[in-house]
1. Could you grab me the full set of residues in segment A:163-179 that are facing chain B (nearest Cβ under 7 Å) and either part of a helix (DSSP H, G or I) or under 16 Å from B:Lys320 (Cα atoms) (or both)?
2. Collect the residues in segment B:262-298 that are β-branched (Val, Ile, Thr) and over 16 Å from B:Phe83 (Cα atoms), keeping them in residue-number order.
3. What number of residues within segment B:43-66 are open to solvent by less than 70 Å² (accessible area, probe 1.4 Å) and either under 24 Å from the mean Cα position of the chain (by Cα) or at pLDDT below 90 (or both)?
4. If the requirement is being small (Gly, Ala, Ser), more than 30 Å from B:Ala296 (Cα to Cα) and open to solvent by 10 Å² or more (accessible area, probe 1.4 Å), which of these qualifies: A:Gly130, A:Gly165, A:Gly153?
5. For segment B:73-85, how many residues meet the condition of being open to solvent by less than 70 Å² (accessible area, probe 1.4 Å) and farther than 14 Å from B:Ala300 by Cβ?
6. Considering (1) open to solvent by 60 Å² or more (accessible area, probe 1.4 Å); (2) assigned to a helix (DSSP H, G or I); (3) farther than 28 Å from B:Ala224 by Cβ, say which one A:Gly47 fails and leave the rest.
7. Kindly indicate which of B:Ile70, B:Ile14, B:Ile39, B:Ile28 is under 17 Å from B:Leu302 (Cα atoms) and of a type outside the set (Gly, Ala, Ser).
8. From the list A:Val100, A:Val94, exactly one residue is surrounded by 13 or more Cβ atoms within 10 Å (Cβ to Cβ) and either in contact (Cβ under 8 Å) with a residue 12 or more places away in the chain or part of a helix (DSSP H, G or I) (or both). Which is it?
Amino acid sequence: MTHSTAVPTKPWAKKPIDYLRNLSFFLVAILSAYVVVAITPMKGKLGYAFTFFVAYAFITSLFALVSLGIPAAKDAFIKSFVALGAVMTVIPIVSILGTVLKNGLPGIHLGLFTHDMSMATPTDPIENGGLLHAITGTLTLVLLALIMSVPLGILTALYLTEIRGKFSGPIRFLVQAMSGVPSIVAGLFILSAVLYPIAKNYSGLMGALALTILMIPTVARTSEEVLLLIPNDLREAGTALGGTQWRTVAMIVLPAARSGLITAMILGVARIAGETAPILLLTGGGDKVNPNAFSGPLGSLPYYIWKSFNAGSPEAITRAWAGLLVLVLIILILFTLARTLSSRNVARR
Amino acid sequence: MSTPTVSIPAPREITTEPRRSDKVFRRIVTAGGLSSLVILGLIAFFLAYSGYEVLKSEGLKFITSADWSISTDDAGNVIDSHFGLAAMLVGTMLCSLVAVVIAVPVSVFSALFLNFYAPNWMKKILISIIDMMAAFPSILFGIWGFLVLMPSVEYWAKLINRYLGWIPVFEVNPYFFTRSPFVAGVVLAIMIIPIITSVSREVFAQAPLDRIQAAFALGATRWAMIKAVVIPYGRSGVIGGAMLGLGRAMGETVAVYTVLNVVFQINWHILLGAGGNVASLIILKFGDASPYEIKALMAAGLVLFLLTLIVNAAANFIVKRTGKSGK
């Protein structure tokens, strides 16, 4: 009598022939896109993309219809739409990053980081002048906004997670509403409440005040999420050891949430670093490095990009792209930093 | 043998009263927590206060008329002024509606892709890319839209006009497609797709696993499962996400100003190169505005603020309710 051992089979796993079939569907769809574009008046990239999509959806659903029936055909048909949606979401990102790199790189040179625009106009050759005033200005704005918004944002988050008072519901709602305040409205508000009646002059501080309004909701919401992740055991342990609430929060909860709170700050900075509308209204946009944020016009990257873009000559447009490239790089770096910090935070727990 | 007398200490008073340090702490945190209320209140107050003069002299015409003109004599005194936001309000609605109509299907499909179709590694990468896109500055979208996207969108607009021109909305009477509300709408759509996608994705991810598995166990295909379980569960969340995107689109300034041809004329034809947007009006007129016109701009800002506040509040209300809905 022969013994046979049961071998596990995976009937759901894809076999090579399945991959081959998918590939052939793909190729047939590409081929039919070529044929259709060649013999009908449809032309251009749009024509190719459209016919390819229709052909692919048609072929896969036809195959599903023949082999598995109507429900499977519907499933395959929708699957192509779902894939199309994902592709259409990603295409603009790729295109934006690609164009910024392509158009910005010619404008990047070493002098960009050591000169300002006080001796140059946007229409000068690209070698003249640089971004120094814009970079220092943006740093100043971001730093001031950080100093003002982080305490308020974190206090709001603490109120929502630690105190849980009777205003928790309304405040959570208001923070959400605040995150939808258009940036131009924040600018107008500072204009009418601070700049005209009190300060009377453009300065970096005015811009930073407007940016603070835009930054608080991001910091508050992210910090709230982070603080909610801190296990309640820690708070109970702190109280059980005789700690008052404020000592528990200050010495246990906040240190435990440290990297998450830093992530919240970074995301807030990424949110405001490229904010343009309030900057245009409030900072005055100087062309010289201005170390004093409290008086005198302060240049910044968005203002520089805006001004160069509106100057319109090819050199100025190249400047604008170079500025955009620097700005996007800053935001990318901040974002990656926030990602790695928060993922480490999760992994450690 | 005598038992030693034991002095029983007086029982300590037990209280739930927080100590003084805690009271101070709680006050400070509550004060900080109320900052959002204070700031929103101050915004409404100061914009209303600065715009009051104009709002009073224009009355309801500030919303209903489409005229924006101011004339001053040589000394700079205002002789005559008409401020009306109607054209800008219609333009704001058109641009943001175009944006939402384009963005919602794309976002829903990509949220479905992320949740139910994508392999795990792809899902992680895509989510961080999409989140990153939400942090891109609007000036980047504006300049990219103007220099890269606009030529192709104009071509698409001409296609739509050629085949669907008999529908009144797609009519283009002076044959002029450049910088139309449609172009602005497409740029805005690209800006709000990440927002709607991430809201929808989070709502879809909350769809109850037992129902999903039950649907599969009954032999449902993936689409049948989505139609029977995920869509009914997440519908109101998607609507809320769409309204969040609408709020963002209505308040967008720089990107719209860069690609839109601002004209003070009510225009319902989305493909025609004339439109408006309250926020871009403010940027356009701010540069050389007289003090009186600035007051009008403040009033416009107030209208925009209230508009976005209402849309956002409704959106948050709908999103929050999602968890409880679904059969």
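1. Across segment A:163-179, the qualifying residues are A:Ile163, A:Ile171, A:Phe173, A:Leu174, A:Val175, A:Gln176, A:Ala177, A:Met178.
2. Step one: list which residues in segment B:262-298 are β-branched (Val, Ile, Thr), which gives B:262-263, B:266, B:270, B:278, B:282-283, B:294.
Answer for segment B:262-298, where residues must be β-branched (Val, Ile, Thr) and over 16 Å from B:Phe83 (Cα atoms): just B:Ile270.
3. Count: 13.
4. After applying the criteria, what remains is A:Gly165.
5. 3
6. The failed condition is (1).
7. Values: B:Ile70 fails: under 17 Å from B:Leu302 (Cα atoms); B:Ile14 fails: under 17 Å from B:Leu302 (Cα atoms); B:Ile28 fails: under 17 Å from B:Leu302 (Cα atoms).
Among B:Ile70, B:Ile14, B:Ile39, B:Ile28, only B:Ile39 is under 17 Å from B:Leu302 (Cα atoms) and of a type outside the set (Gly, Ala, Ser).
8. Working: A:Val94 fails: surrounded by 13 or more Cβ atoms within 10 Å (Cβ to Cβ).
Step by step, each of A:Val100, A:Val94 is checked, and only A:Val100 is surrounded by 13 or more Cβ atoms within 10 Å (Cβ to Cβ) and either in contact (Cβ under 8 Å) with a residue 12 or more places away in the chain or part of a helix (DSSP H, G or I) (or both).
The values are calculated or read from the model by the stated rules, or taken from the named source; none is laboratory data. These figures come from a predicted structure and were not determined experimentally. Positions of Cβ are generated from backbone atoms using ideal geometry, with glycine treated the same way; all protein chains shown enter the neighbour counts. Remember, those area values only see protein heavy atoms, side chains included, never the ligands or the DNA or RNA. Shrake-Rupley method; radii C 1.70, N 1.55, O 1.52, S 1.80 Å.
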